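The values are calculated or read from the model by the stated rules, or taken from the named source; none is laboratory data. For clarity, every value in this text was computed on a predicted model and none was experimentally measured. Neighbour counts run over all protein chains shown; Cβ positions are idealised from the backbone, glycine included.
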Amino acid sequence: MRRALLIAVAAVGLVAAEPAPAPDRPLPDPAREARAQALFDDIRCVVCQHEAIADSPAGLAADMRRLVREEIVAGRTDAQIKADLVRRYGDFVLFSPPVRVGTWLLWFGPFAALLAVGGGLWLVARRRRVETPPLSPAEEADLARILADQAVRPDPDAKRSDD
């Protein structure tokens with residue numbers, strides 16, 4: 001029974017695995033292939049999210065590489081290819097998204113946060129500390145009396161470590 005369960009789990013794992021992508025077929029023209037490789041480095045894999053499609057082993061990255069090569073062969077410019085990918089996948093697909101209203105937080109958010117923290121620290125540093133006025137002679141006499149009374153411990157069970 002246990003062996004059958006292990007075989008079933010292994011079979012489901014094999015079926016659910018993503019099939020290996022077809023191998024890349026470089027363009028026959030070296031100049032066009034170099035252009036494609038340069039574009040691959042600027043485009044983010046939407047599956048891996050931290051790798052360029054040039055380095056990603058994901059099937060979707062292979063499809064994106066194939067699409068870029070097809071667009072180059074069709075005569076599209078780099079800007080047109082990137083615009084088409086942004087239309088399909090959003091600004092996230094580019095490692096350097098364009099500066100526009102929708103991406104202001106992405107571009108300027110870290111600087112705004114840094115300015116806010118710096119401003120807060122500056123305000124805290126500028127705040128004046130309230131100086132404690134000196135004790136009056138009557139208060140000093142009361143304090144001396146309290147400290148003298150402390151020499152006798154009111155609690156007989158108290159130890160020095162309880163202080």
**Prompt:** Taking region 28-57, which residues are in a loop (DSSP other than H, G, I, E, B) and either of a type in the set (Asp, Glu) or crowded, with 17+ Cβ neighbours inside 10 Å (or both)?
**Reply:** Asp29, Cys45, Val46, Glu51, Ile53, Ala54, Asp55, Ser56
**Conditions (1) part of a loop (DSSP other than H, G, I, E, B); (2) at pLDDT 90 or above: number failed by Pro98** = (2)
**Prompt:** Is there any pair linking a residue in region 85-108 that is under 22 Å from Phe40 (Cβ atoms) to one that is modelled with pLDDT of 80 or more and among the basic types (Lys, Arg), with Cβ under 8 Å and at least six apart or on different chains, and which?
**Reply:** Phe92/Arg44; Val93/Arg44; Leu94/Arg44; Leu94/Lys82; Phe95/Arg44
**Asked** What residue, of Val117, Val99, Val124, Val130, is in contact with a Phe, Trp or Tyr (Cβ under 7 Å, 6 or more places away or on another chain) and either under 18 Å from Leu27 (Cβ atoms) or of a type in the set (A, V, I, L, M) (or both)?
**Response** Val99
